[in-house]
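**Q** Quick one: this structure, given as structure tokens, is what I'll be asking you about.
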């Protein structure tokens, strides 16, 4: 069972492992590598689901596919989450692990897109501040807002109290959108958002919140979504992503004593 | 505040924080207290149908009875602020001709594909407490004003003379 942890709670060794796996994944330019999976979300494949009840199921399957590929590289790894409701996030903004330029070759700072030149030229012409075009290949960028504009713990607690899946997913997706915009830069537009490694820490947080809502609402279901609906780009159906333990992972909890 | 600095330390790939106000929309209403059962509702939602998400990402701030609200208006109940919705935009179209034209895919009986990714979406803002306070203060709800604030991408919004906040209609639902 893979145990997903808060990025802020990773041990030095676990963070080093996460970086090593991310570096290795980025180095794979075939369908086992980071660029392949990032390209499933937006360009060039555009499989992602937004604004529909498939938002949470599809992204759960998507994270699973990347995590499994990363576990093929190192079976000890699990996707970490970024708790943007935490005191640290509301003071410092982005997690230090993803901004620490003192780490040589920190793979969490940014990412390449692997997109063809013609597509990159169109992006540069229309949204020039969405990638760093001063380097070749272009890299993802961020333009974070004031930390206190990130969603608050109180807001998320209220959303976790939503009585129906439809209400919950609608409200949670809105907060998700807000964080994408808050990070800005590449994260601020769907077609290239997933090329920034912070995307997956953000979405692991979203998936964790769905899991927490499921714990509170064990019969909450997924509203009107057909359970045998395929989640495009993956071999999974909605039914297969309802139980995270059946997908081989769980979320760590932190218990403080004393 | 618009364009206040970020507190993150500079790092590679970090651009200046940027926000830009877009063109707002104001709905003139005349819902008196009686129409809303004298504030006895338990929940009130503003629902926006057909919201466009093909352009930049943005926040749409909802103000009640404050038609002059701007992006610098404090988001407080006293100012009529009722909540926001957030759009994760596609940034524009980077595909070939026709790629971003919303079509009828998924609608025909044997078309099992999902809808076009740019199919306009639905957004909802729960405004219960703000509406109750406005009704207590003003006696009626006269205006709903939306103030869109984009996250960066000045080229996209400046190239769009109609503004990036586009939707088909707004409905107010109250629940007892």
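Only the coordinates and a few stated rules stand behind these numbers; no lab work does. Everything numeric here is computed off the predicted structure, so don't read it as measured data. We place every Cβ from the backbone using ideal geometry, glycine too, and count neighbours over all the protein chains shown.
**Q** Would you tell me the mean number of C-beta atoms belonging to other protein chains that fall within 10 Å of each C-beta in A:50-56, as a whole number?
**A** Numbers: counts 6, 11, 5, 0, 1, 0, 0.
Partner Cβ neighbours, averaged per residue: 3.
**Q** Can you sort A:215, A:94 from fewest to most other Cβ atoms within 10 Å of each residue's own Cβ? Mind dumping the intermediate values first?
**A** On the way: A:215 11, A:94 24.
With the sparsest Cβ surroundings first, the list reads A:215, A:94.
**Q** Another question about this same structure. Under 1.5 on a/c is rounded, so check that first for the stretch A:1-93, then, if it is not, pick prolate when a/b is larger than b/c and oblate when it is not; a ≥ b ≥ c are the square roots of the alpha carbon gyration tensor eigenvalues. Each step should come with its number before you reach the end.
**A** Details: a/c = 1.85, a/b = 1.13, b/c = 1.63.
Because a/c hits 1.5 or more and a/b fails to exceed b/c, the stretch A:1-93 counts as oblate.
**Q** Within the stretch B:94-115, list the residues whose amide N lies under 17 Å from a label point set 7 Å along Cα→Cβ of residue A:121.
**A** Only B:94-97 pass the distance filter.
**Q** How many nm is it between the label spots at residue A:86 and residue B:70, if each spot is 7 Å from the Cα in line with the beta carbon?
**A** 3.9
**Q** Provide the FRET efficiency to the nearest 0.05 for the residue A:103-residue B:122 pair, computing r from the beta carbons and using R0 = 41 Å.
**A** Numbers: r = 43 Å, r/R0 = 1.04.
Using R0 = 41 Å, I get an efficiency of 0.45.
**Q** Within a 10 angstrom radius of each residue's Cβ in B:57-69, how many Cβ atoms of other chains show up on average? Whole number is fine.
**A** 2
**Q** At 0.36 nm per residue, minus the direct Cα-Cα distance, what do residue B:47 and residue B:77 gain on full extension? Give it in nm, one decimal, please.
**A** Working: separation 30, 0.36 × 30 = 10.80 nm, distance 1.96 nm.
Residue separation times 0.36 nm, minus the Cα-Cα distance, leaves 8.8 nm.
**Q** So if we plug the beta-carbon distance of residue A:13 and residue A:134 into 1/(1 + (r/R0)^6) with R0 = 30 Å, what FRET efficiency do we get, rounded to 0.05? Working shown, then result.
**A** Working: r = 35 Å, r/R0 = 1.16.
According to the calculation, E is roughly 0.30.
**Q** Run the quick spin-label model on residue B:26 and residue A:3: label points 7 Å from Cα toward the beta carbon, then report their separation in nm to one decimal.
**A** 5.7
**Q** Still on this structure, I have one more. Can you sort A:180, B:66 by how many other beta carbons sit within 10 Å, fewest first? Could you put the intermediate results ahead of the total?
**A** Working: A:180 26, B:66 21.
Final ranking by Cβ density, sparse to dense: B:66, A:180.
**Q** Expressed as a whole number of Å, what is the distance separating the alpha-carbon centroids of the stretch A:157-196 and the stretch A:203-258?
**A** First find each Cα centre; the distance between them is then 16 Å.
**Q** While we're on this one: On the Cα set of the protein assembly as shown, report Rg and Dmax in Å, please.
**A** Both quantities, over Cα of the protein assembly as shown: 21.5, 66 Å.
**Q** Moving on to the next point. Which of A:146, A:138, A:197 moves the most in a Gaussian network model of chain A with Cα springs under 10 Å?
**A** Of the options given, A:146 has the highest mean-square fluctuation.
**Q** Mind checking the alpha-carbon convex hull of the stretch A:130-199 and giving the volume per residue in Å³?
**A** Numbers: hull volume 5.8 nm³, N = 70.
So the per-residue Cα hull volume is 83 Å³.
**Q** Let me ask another. May I ask you to compute the full-extension gain from residue B:105 to residue B:132, defined as 0.36 nm times their residue separation minus their alpha-carbon distance, rounded to one decimal in nm? Let's see the in-between values first.
**A** Numbers: separation 27, 0.36 × 27 = 9.72 nm, distance 4.23 nm.
5.5 nm is the gain from fully extending residue B:105 to residue B:132.
**Q** Here's something else I'd like to know. Taking the Cβ of each residue in A:40, A:205 as the centre, tally the other Cβ atoms inside 10 Å and list the residues starting with the fewest. Write out the running numbers ahead of the final one.
**A** On the way: A:40 20, A:205 23.
So the residues, fewest neighbours to most, are A:40, A:205.
**Q** For chain A, what does the helix formula give at 222 nm: sum of -39500 (n - 2.57) over DSSP H segments with n ≥ 4, over the residue count, nearest 500 deg cm²/dmol? Numbers along the way, then the final one.
**A** Numbers: 8 runs with 105 residues, N = 258.
The per-residue figure over chain A is -13000 deg cm²/dmol.
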